[in-house]
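Here the structure comes first, spelled out in C-alpha cells, and everything after it is commentary.
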Amino acid sequence: SYLHEKNKLKVVFFADSVENAEKFRDDANLIAGKDDICDLLLPGENYPYCSGDIDDERKGSRLVALERIMAGKAGIISTTYRNLFEKIPGKDGVKDIKFKLKTGMTYKPEKLIEKFVEKGFEKADSVENIGEFSRKGSIVDIYPYASEYPLRIEFFGDEVESIRYFDPTSQKKIEAVK
C-alpha cells in the first residue's frame, strides 16, 4: 500500500491461493485505513486446475474488481497466479455485465426480467440469495452479485417509481437508492 499511496503506482499481488489473496486484501485495507484501497480479483468459475465453482459473494467481488480495473480506479489488486492463465473481458464485456436503472426512467418490467434471465439470475418465489430475482405484480426484486442487500424495484406501469435496498428476512426497507 506504501507504493500505491506515496508513488501512485499500480500494484498487483499474486497469492498462491484464494484465501491468501483475501488475507492480503484485508491486510492492505487495514494498514491503509480504507476499505477500497485493494481490490480482490478472483479467478472465474472455469479456470485451469480448479475443482468447483466460486460462490456468489466471490463472484460479486470479481465483478466489482473488474469494473474498478476497467475504470482505472484500482490501485492495488490482490489475485492468484491462476489469473495469469485466464482471459478477462475487455471494457465492452464488463459494460455488458451491468446496466443503469433510475427512478423516473421508463423501462418495461418484462424486459427487465428478460435481462435478468439473460445475465444468469434465477427466478425465485422470494429473493433470499445472491443471484435470484422475483416479480410480484408491479414489484421486481433482485439480489445482485456485488451487493450486500437485495434491491426492490417498484413500477407504475412502465415507469420506475422507486428503487431501494431491503432486508431479505424481514422484507423491510433499508435505504432508497439515489
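Which of the residues spanning the stretch 122-143 are open to solvent by 30 Å² or more (accessible area, probe 1.4 Å) and either touching a helix residue (DSSP H, G or I) at 6+ places or on another chain (Cβ under 8 Å) or hydrophobic (A, V, I, L, M, F, W, C) (or both)?
Applying the first criterion (open to solvent by 30 Å² or more (accessible area, probe 1.4 Å)) to the stretch 122-143 yields 122-123, 125-126, 128-130, 132, 135-139.
Residues satisfying the conditions are LYS123, ASN129, ILE130, ARG135, SER138, ILE139.
Quick one: count up the residues across the stretch 168-178 that are open to solvent by 50 Å² or more (accessible area, probe 1.4 Å) and farther than 12 Å from LYS102 by Cα.
Of the residues in that region, 7 qualify.
Yes/no per residue for (1) open to solvent by less than 20 Å² (accessible area, probe 1.4 Å); (2) at pLDDT below 75; (3) of a type outside the set (A, V, I, L, M, F, W, C):
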{"position": "LEU9", "(1), (2), (3)": "no, yes, no"}
{"position": "GLU19", "(1), (2), (3)": "no, no, yes"}
{"position": "GLY33", "(1), (2), (3)": "no, no, yes"}
{"position": "ASP36", "(1), (2), (3)": "no, yes, yes"}
{"position": "LEU40", "(1), (2), (3)": "yes, no, no"}
{"position": "ASN46", "(1), (2), (3)": "no, yes, yes"}
{"position": "TYR49", "(1), (2), (3)": "no, yes, yes"}
{"position": "GLY52", "(1), (2), (3)": "no, yes, yes"}
{"position": "ASP55", "(1), (2), (3)": "no, yes, yes"}
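Let me spell it out: the conditions are (1) in a strand (DSSP E or B); (2) open to solvent by 50 Å² or more (accessible area, probe 1.4 Å), and GLU154 meets all of them except one. Which number is the exception?
(2)
Output the qualifying pairs, or none if there are none: Cβ atoms under 7 angstrom, residues six or more apart or on different chains, first residue in the stretch 27-40 and under 14 Å from ARG68 (Cβ atoms), second residue open to solvent by 10 Å² or more (accessible area, probe 1.4 Å) and of a type in the set (Asp, Glu).
ASN29/ASP35; LEU40/GLU22
What residue, of TYR149, TYR145, TYR165, is modelled with pLDDT under 95 and either over 30 Å from GLU19 (Cβ atoms) or part of a strand (DSSP E or B) (or both)? So that I can check it myself, show each step before the final result.
Working: TYR149 fails: either over 30 Å from GLU19 (Cβ atoms) or part of a strand (DSSP E or B) (or both); TYR145 fails: either over 30 Å from GLU19 (Cβ atoms) or part of a strand (DSSP E or B) (or both).
Exactly one of TYR149, TYR145, TYR165 is modelled with pLDDT under 95 and either over 30 Å from GLU19 (Cβ atoms) or part of a strand (DSSP E or B) (or both), namely TYR165.
Could you pull out the residue among LEU101, LEU112 that is at pLDDT 75 or above, assigned to a loop (DSSP other than H, G, I, E, B) and under 30 Å from GLU159 (Cβ atoms)?
LEU101
The values are calculated or read from the model by the stated rules, or taken from the named source; none is laboratory data. Just so we're clear, the structure is a prediction, and the values are computed from it rather than from any experiment. We place every Cβ from the backbone using ideal geometry, glycine too, and count neighbours over all the protein chains shown. Surface areas here come from the heavy atoms of the whole protein model, side chains and all, with no ligands, DNA or RNA. Shrake-Rupley method; radii C 1.70, N 1.55, O 1.52, S 1.80 Å.
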